[in-house]
Amino acid sequence: MTKEAFYLLMISALLFSFFLIAIIGSWFFQYFSDVKTKKLEDQLDKLLYCYFHTENENTRSMVQKIVKIIGNRTGRKEILINRLIRCGDDFIETHHASLMNLYEIVGIKAYLQTALASNNVHMKSLTCRYIGELQLENMEADMIALISNQNNDITYNVMLALAKLGDMKGLVHIFTNDAEHIYLSHRAIIEIISAFKGSKEELFKRTIDLCDDYMKGILIKAIAEDKIESLNPYYMTYLNSEDKNLRIASIRALSELNNEDDESYIRSKLDDKDWEVRAAAAKGLEKLGTSQSFAALGKTTGDSVWWVRHNAASALILIPGGKEFASRIINGEDKFAREAVISLIEKNT
Amino acid sequence: MYMLRMFIIYFSEFCMLYTIGINLFYNGQMLIASFDMFSYFKKMKASDYRRYVESKNMIPISIIVPAYNEEKTIVDNIKSLLALNYFEYEIIIVNDGSIDGTKEKIIQEFDLKMVNQPIMQSLSTNEVVGIYRNNQYERLIFVDKVNGGKADALNAGINISVYPIFACIDADSILENDALIKLAMLFVEHPETIAVGGIVRIANGSIIKDGKLIEMNIPKSNMAKFQIVEYFRAFLTGRTSFSKLNSVLIISGAFGAFNKRAVIDCGGYKVNTIGEDMDIIVRLHKTMKDQKKKYKIQFLADPICWTQAPESMKDLRGQRRRWQIGLFDTLISYRRMLFNPKYGTIGMLTLPNYWIFELIGPIVEAMGYIFIPLAYLFGLLAFKSFILFFVIAFLLGTTLSLGSILLEQTTFRKYRSFKETMLLIVFGIIENLGYRQLTVLFRVEGIFNFRKGRHSWGRMNRKQFISKEEKL
């Protein structure tokens, strides 16, 4: 047996034994750790229930019991945090004052403050998430400082936490001053704005003129669903923007408002140079269009782009009285328009 | 005789070095995968992905299911897709000219009616005979087309789809409820993502009701048990580690999601090949690198797709031959990327790995099984060395399986009971004493049947999924 072969044999045998022992060892570790966690969770659930459902003099003893169980162990603090989060947003909002008291006494706040200063990126993200979900106040400044880290997970969790805390000042600051550090997709930002627990109208007004076109488009998209009538003038302004996405966002926001007075403005966008805008305009008219748009939509069913034809045909069929107009297209010469209309009539009957 | 003697001696030495090399490579992959997966779990702990389940802002997705003679599982599959946790998606079932009752079963089960629907012909395909819908199942679109192969069916699905991201799923597979949201999250978090693959796990023996996996079990069939460990190795370690290097070359046809624009721009799925799932990924890499565009192709071990593994020798043989032919076809088609620095890690690491270890590997291994015993029989190898070589090869091979089981045990823990864990260990060990050699033979057969078998739809005898009632 050569020396090299012997070493190889030893290495492979060691690796084999290590993995075998590790699998069995980890199984037992997980098993006992699951049992222990389950027991602790049950204990905490009972104590938390009593804490929130008993008279004042008893709550103190409950808190003492919780403190005794949790001690200084980070794992247990995490379990408590997760049990509280499981109670849901409504519960946390309703019992905000007593929860803030509990966070202080049990040491959750101090623990999260330390975790926020950790060097671990995942730990920072998770801590921000906890802060947001527990609605833990007075930690906003520490979180905003993390934005300069330029890590997507941290940025997202910081912004989401600020939104859940309803921290308008913090969010406005990030949108306007730290926009260059935000590499999140528009969907992620829309989610953040939709989670905002303050006045979205105010957030919009304080931000829109100070941010770039990309962010403006996202803000409009995010706020559109709230159907805030007073924002109509902003949408009208950006309807004629040079930026394609901003025009699309404004069309969508205006159509959400469902105001017949805006129909002619949206209709005019059926002739836009960009097909995406024309498609959005046709889709928008589906919501607020009237018989006044039949002719323009009829013409658009013959557009050179499939999606525009499709959306225009769909709008025509869904606007009351539009089907009769559409039947003229079926008998017409335009093959594309005919196909689009026939398929949508079938789909909607 | 001298030449043969020398060949056997050198080949035996080469085999030993090759065994060490391949195991070093795979163990390295396992190490990268472990770090990546632990990091992923930490990230998911902080992730708020569940809020996207109900969100209107999530990217809408078209799910394309190509089907050819899938009457036994297709209805369960559609039901699982209809039950997914996702706000906006459509399901496009493309019947590629099945000759069994696939079409009739779907139409009858969901009471579908033929509709007139214009098709945006972004990719050329065989003729679409009809499109069927039912307003009661708004998400469901059934497309009946003339047979043209799986790739052609996928291309037809892409033409009919309306959303910017599409996911392709095999007709014999079942998705976990959150699978789609986890895949889609990557497109949201990293807008440069053009393709994402999810893990495929074995559903044999598990209980599925109304398209939902309600009880996970180890399969009764030994053949399927071996494949559980095999899938751990392939998905948990292999693809996870390549994903870390942005050099995933295969996203399983059973479950993957794509940016539709990127796929259309590179010409869609290649028809007349059975390796269309690998071909599309390599082509996407090539196109993006050629155009110097920033992109990501990722693999996620978390979103789970359950599929049926072959339980008979005949089906396993067919599957492995097919996979090897597909691999060979793709590697030949993109041979110019090999060792080409322009393609970065793809050209310099991943493709060489596929050539040396995945394509040629089975041939070397099969020859090793022949020539090393011959070397011993001819007295060219001492008995001790002969035994030593096999013990080392066995231990190293088993180490990879055990490592993958450990990775599963410390991350997903889908198999929770002690008995199941022990069974996996046992099958991970005995896999190297017969099963592995068998699959090597099938793969070698695939290489030699390359010309004959590269244009067919892969077939396997499907079984209906076990429902709760049957189990009781």
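Each row is one residue, and each column tells you yes or no for (1) among the acidic types (D, E); (2) surrounded by 14 or more Cβ atoms within 10 Å (Cβ to Cβ); (3) touching a helix residue (DSSP H, G or I) at 6+ places or on another chain (Cβ under 8 Å); (4) farther than 21 Å from A:D153 by Cα.
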position: B:S12; (1), (2), (3), (4): no, yes, yes, yes
position: B:M16; (1), (2), (3), (4): no, yes, yes, yes
position: B:N23; (1), (2), (3), (4): no, yes, yes, yes
position: B:N27; (1), (2), (3), (4): no, yes, yes, yes
position: B:A33; (1), (2), (3), (4): no, yes, yes, no
position: B:D36; (1), (2), (3), (4): yes, yes, yes, no
position: B:F41; (1), (2), (3), (4): no, yes, no, no
position: B:E54; (1), (2), (3), (4): yes, no, no, no
position: B:M58; (1), (2), (3), (4): no, yes, yes, no
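Quick one: B:E230 ticks every box in (1) surrounded by fewer than 22 Cβ atoms within 10 Å (Cβ to Cβ); (2) within 30 Å of B:A262 (Cβ to Cβ); (3) under 16 Å from the mean Cα position of the chain (by Cα) bar one, so which box is it?
Failed condition: (2).
Taking the residues in segment B:156-189 that are more than 18 Å from the chain's Cα centre (by Cα) and modelled with pLDDT under 85 as candidates, determine which candidate is farthest from B:N246 (Cα to Cα).
B:N177
Working only within segment B:334-389, note down all residues that are within 14 Å of chain A (Cβ to nearest Cβ), assigned to a helix (DSSP H, G or I) and free of Cβ contacts under 8 Å to residues at least 40 places away in the same chain.
Result: B:F383, B:K384, B:S385, B:F386, B:I387, B:L388.
Considering only residues of segment B:410-424 that are over 21 Å from the mean Cα position of the chain (by Cα) and closer than 26 Å to B:S39 by Cα, which is surrounded by the most Cβ atoms within 10 Å (Cβ to Cβ)? Let's see the steps before the verdict.
At the first step, the residues of segment B:410-424 found to be over 21 Å from the mean Cα position of the chain (by Cα) are B:410, B:416-423.
Filter once more, so that each one left must be closer than 26 Å to B:S39 by Cα: B:410, B:416-417, B:421.
Values: B:T410: 18, B:R416: 14, B:S417: 12, B:T421: 21.
My answer is B:T421.
Can you find a residue that is over 30 Å from B:I131 (Cα atoms) and touching a helix residue (DSSP H, G or I) at 6+ places or on another chain (Cβ under 6 Å) anywhere in segment A:293-310?
Yes.
Residues of segment B:328-377 being in contact with a Ser or Thr (Cβ under 8 Å, 6 or more places away or on another chain) and of a type in the set (D, E), which ones?
B:D329
For the condition modelled with pLDDT under 90 and closer than 30 Å to B:Y163 by Cβ, what is the one hit in B:F87, B:F38?
The match here is B:F87.
When you scan segment A:299-307, do you find a residue that is in a helix (DSSP H, G or I) and within 30 Å of A:D212 (Cβ to Cβ), even just one?
Yes: segment A:299-307 contains one or more residues that are in a helix (DSSP H, G or I) and within 30 Å of A:D212 (Cβ to Cβ).
Restricting to segment A:68-89, give me the number of residues that are over 30 Å from A:A163 (Cα atoms) and assigned to a helix (DSSP H, G or I).
Residues in segment A:68-89 being over 30 Å from A:A163 (Cα atoms) and assigned to a helix (DSSP H, G or I): 2 in total.
Among (1) under 14 Å from A:I251 (Cβ atoms); (2) surrounded by fewer than 24 Cβ atoms within 10 Å (Cβ to Cβ); (3) not polar (S, T, N, Q), which single condition is A:K299 missing?
All conditions are met except number (1).
From A:L162, A:L219, A:L126, A:L136, grab the single residue that is surrounded by 19 or more Cβ atoms within 10 Å (Cβ to Cβ), in contact (Cβ under 8 Å) with a residue 12 or more places away in the chain and part of a loop (DSSP other than H, G, I, E, B). Reasoning before the result, please.
On the way: A:L162 fails: part of a loop (DSSP other than H, G, I, E, B); A:L219 fails: part of a loop (DSSP other than H, G, I, E, B); A:L126 fails: part of a loop (DSSP other than H, G, I, E, B).
Within the list A:L162, A:L219, A:L126, A:L136, the selection yields A:L136.
Restricting to segment A:242-292, name every residue that is basic (K, R) and in a helix (DSSP H, G or I).
Here is the first cut: in segment A:242-292, the residues basic (K, R) are A:244, A:247, A:252, A:267, A:269, A:273, A:278, A:283, A:287.
Matches in segment A:242-292: A:K244, A:R247, A:R252, A:R267, A:K269, A:R278, A:K283, A:K287.
Taking only segment B:14-61 into account, find how many residues are within 11 Å of another protein chain (Cβ to nearest Cβ), in contact with a Gly (Cβ under 9 Å, 6 or more places away or on another chain) and closer than 30 Å to A:L184 by Cα.
Qualifying residue count for the region: 1.
Taking B:R413 as meeting all but one of (1) in contact with a Lys or Arg (Cβ under 9 Å, 6 or more places away or on another chain); (2) modelled with pLDDT under 90; (3) within 12 Å of chain A (Cβ to nearest Cβ), write down the number of the exception.
Of (1) in contact with a Lys or Arg (Cβ under 9 Å, 6 or more places away or on another chain); (2) modelled with pLDDT under 90; (3) within 12 Å of chain A (Cβ to nearest Cβ), only one is false for B:R413: (1).
Within segment A:205-226, which residues are within 14 Å of chain B (Cβ to nearest Cβ) and either out of contact with any helix residue (DSSP H, G or I) (no Cβ under 9 Å at 6 or more places or on another chain) or not small (G, A, S) (or both)?
Hits for segment A:205-226 are A:Y214, A:I218, A:L219, A:I220, A:K221, A:I223, A:E225, A:D226.
Could you pull out the residue among B:A195, B:A184, B:A167 that is in a helix (DSSP H, G or I) and in contact (Cβ under 8 Å) with a residue 60 or more places away in the chain?
B:A184
Taking the criterion of being of a type in the set (D, E), assigned to a helix (DSSP H, G or I) and surrounded by fewer than 17 Cβ atoms within 10 Å (Cβ to Cβ), would at least one residue in segment B:425-433 satisfy it? Outline the logic, then answer.
Within segment B:425-433, the first condition is being of a type in the set (D, E), and the residues that meet it are B:431.
Then keep just the ones that are assigned to a helix (DSSP H, G or I); that gives B:431.
Those left that are additionally surrounded by fewer than 17 Cβ atoms within 10 Å (Cβ to Cβ): none.
No; the residues of segment B:425-433 include none that is of a type in the set (D, E), assigned to a helix (DSSP H, G or I) and surrounded by fewer than 17 Cβ atoms within 10 Å (Cβ to Cβ).
Can you tell me which residue is surrounded by the fewest Cβ atoms within 10 Å (Cβ to Cβ) among those in segment A:257-294 that are small (G, A, S) and closer than 13 Å to A:I317 by Cα?
Selected residue: A:S291.
Going through segment A:159-172 one residue at a time, which ones are away from chain B (no Cβ under 14 Å) and touching a helix residue (DSSP H, G or I) at 6+ places or on another chain (Cβ under 9 Å)?
Kept after step one, since they are away from chain B (no Cβ under 14 Å), are these residues of segment A:159-172: A:165-172.
Answer for segment A:159-172, where residues must be away from chain B (no Cβ under 14 Å) and touching a helix residue (DSSP H, G or I) at 6+ places or on another chain (Cβ under 9 Å): A:L165, A:D167, A:M168, A:K169, A:G170, A:L171, A:V172.
Please go through segment A:173-198 and pick out each residue that is away from every other protein chain (no Cβ under 14 Å) and surrounded by 19 or more Cβ atoms within 10 Å (Cβ to Cβ).
A:I174, A:F175
Answer yes if at least one residue in segment B:131-145 is under 24 Å from B:V200 (Cα atoms), modelled with pLDDT of 85 or more and either part of a strand (DSSP E or B) or within 11 Å of chain A (Cβ to nearest Cβ) (or both), and no otherwise.
yes
Residue pairs, Cβ under 6 Å, 6 or more apart or interchain, first in segment A:1-25 and facing chain B (nearest Cβ under 8 Å), second not aliphatic (A, V, I, L, M) and not in a helix (DSSP H, G or I). List them.
Between residues of segment A:1-25 that are facing chain B (nearest Cβ under 8 Å) and residues that are not aliphatic (A, V, I, L, M) and not in a helix (DSSP H, G or I), there is no close pair.
For segment B:302-327, how many residues meet the condition of being touching a Pro at 6+ places or on another chain (Cβ under 9 Å), of a type in the set (G, A, S) and not in a helix (DSSP H, G or I)?
Result for segment B:302-327: 1.
Quickly run through segment A:96-130 and pick out the residues that are over 23 Å from A:I192 (Cα atoms), hydroxyl-bearing (S, T, Y) and within 14 Å of chain B (Cβ to nearest Cβ).
Listed by number, the list holds a single entry, A:S118.
The values are calculated or read from the model by the stated rules, or taken from the named source; none is laboratory data. Since we're looking at a predicted model, the values are computed, not measured. When we count neighbours, we look across all protein chains shown, and the Cβ atoms used for this are built from the backbone with ideal geometry, even at glycine.
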